[in-house]
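**Student:** Submitted below is the structure of interest, expressed as structure tokens.
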Amino acid sequence: MAGCNFMLQADPSDLRSEKLPFWEKTFDFYMPDLQFPSRDYEKSLYRLFLYYEDIGVASIKITPTSRRGQTYTPETIAIGSGGADGKAKIAIFDIAVSDVLIRLKLEVLCGQLSMIMATCEYEPKGLMEKGT
């Protein structure tokens, strides 16, 4: 991408392995307020709230994947500002995925990201069906 500031990761054993930085995590969205164990309960994820420090303009892509291996449509948004004031800001990703376990992969496509935290908006969907 022309005109992008890249902060690349490298493998110390292979200096030709530079790649874009990413963050990947699998969530089970434990729900302690339910009256039954929620580990076998499907959840629907609707939004990801990404809190970050504004250190400049960046392009961020989030890709959700279900436990069953279904990859959902990635969403890419631009964050930050040219002023790069260092203040905490929030980026909101609209996501629609349901499963017991949900994997989120966040990739920095262009620019730099100083992530503070990520939190999600989700709700129980129903008991997981056997054999799924």
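**Student:** Starting from the alpha-carbon convex hull of segment 72-126, give the projected area averaged over all orientations, in nm².
**Tutor:** Values: hull surface 18.9 nm².
For the Cα atoms of segment 72-126, the hull's average projected area reads 4.7 nm².
**Student:** Roughly what percent of Cα-Cα pairs across segment 20-127 reach past 18 Å?
**Tutor:** Tail fraction, whole percent: 50.
**Student:** Could you work out how far apart the two model spin labels at residue 101 and residue 114 are, taking each label as a point 7 Å from the Cα in the direction of the beta carbon, and quote it in nm?
**Tutor:** In this crude label model, residue 101 to residue 114 measures out at 3.4 nm.
**Student:** On a straight-distance basis, which lysines could pair with residue 25 in a cross-link, Cα separation under 24 angstrom, same-chain partners fewer than 8 positions away excluded?
**Tutor:** Leaving aside lysines fewer than 8 places away in the same chain, those within reach of residue 25 are 43, 61, 89, 105, 125.
**Student:** About the Cα centre of segment 20-127, what is the dipole size in debye to 20, counting +1 per Lys and Arg Cβ and -1 per Asp and Glu Cβ, all else neutral?
**Tutor:** So the dipole magnitude of segment 20-127 works out to roughly 220 debye.
Throughout, read-outs are computed from the coordinates displayed, never taken from laboratory work. Every value quoted in this text rests on a predicted model; they were computed, and no experiment measured them. Positions of Cβ are generated from backbone atoms using ideal geometry, with glycine treated the same way; all protein chains shown enter the neighbour counts.
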